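Data first, discussion second: the structure below is written as structure tokens.
Each reported figure results from applying straightforward, stated rules to the coordinates on display, with no laboratory input. Values in this document were obtained by computation on a predicted structure and should not be read as measured data. Please note: Cβ atoms are built from the backbone with ideal geometry, for glycine as well, and neighbour counts cover all protein chains shown.
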């Protein structure tokens, strides 16, 4: 004769997970996703802002060199123009959001800044990134 526990297992049928166990696992996975996804998305935004800030500073550095040699604030095309003799930058890519960087006079030359309009592509609001910004 089989022991009582063995008879009981054979009555229950093949092994598997109960509906409650599956639901608990789904809830736990949902909670983990709710905690992790916002952090991953936020780090992507921060990386884009840091790339834009780095690009702005690189363009501003090349523009200062251009100004020192030629006596005027350059356009973006001036910085990559090989026909003029010296290209100060190999290329200037778009900002991380697909917009264009701009060189903006900031008072009397040689004061200027390089700006990206940020994610919303509207100049002059809080999401702009500048060569003069300290933190994003």
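If one takes the longest principal axis of the Cα atoms in the chain, at what angle in degrees, from 0 to 90 and to the nearest 10, does the Cα axis of helix 19-70 lie? Tilt of helix 19-70: around 10 degrees. For the pair residue 126 and residue 23, label points projected 7 Å from Cα toward Cβ lie 4.2 nm apart. Taking the Kirkwood radius as Rh and the Cα radius of gyration as Rg, the chain has a ratio of Rg/Rh equal to 1.51.
Computed over the chain with a Gaussian network model linking Cα atoms closer than 10 Å, the most mobile of 119, 64, 82 is 82. You can think of it this way: the chain between residue 106 and residue 80 has 7.2 nm of extra reach, that is 0.36 nm per residue less the Cα-Cα gap. Taking 60, 123, 34 as the candidate residues, the one with maximal mean-square fluctuation in a Gaussian network model of the chain, Cα springs under 10 Å, is 34. Among 59, 26, 103, the residue with the largest mean-square fluctuation in a Gaussian network model of the chain, with springs joining Cα atoms closer than 10 Å, is 26.
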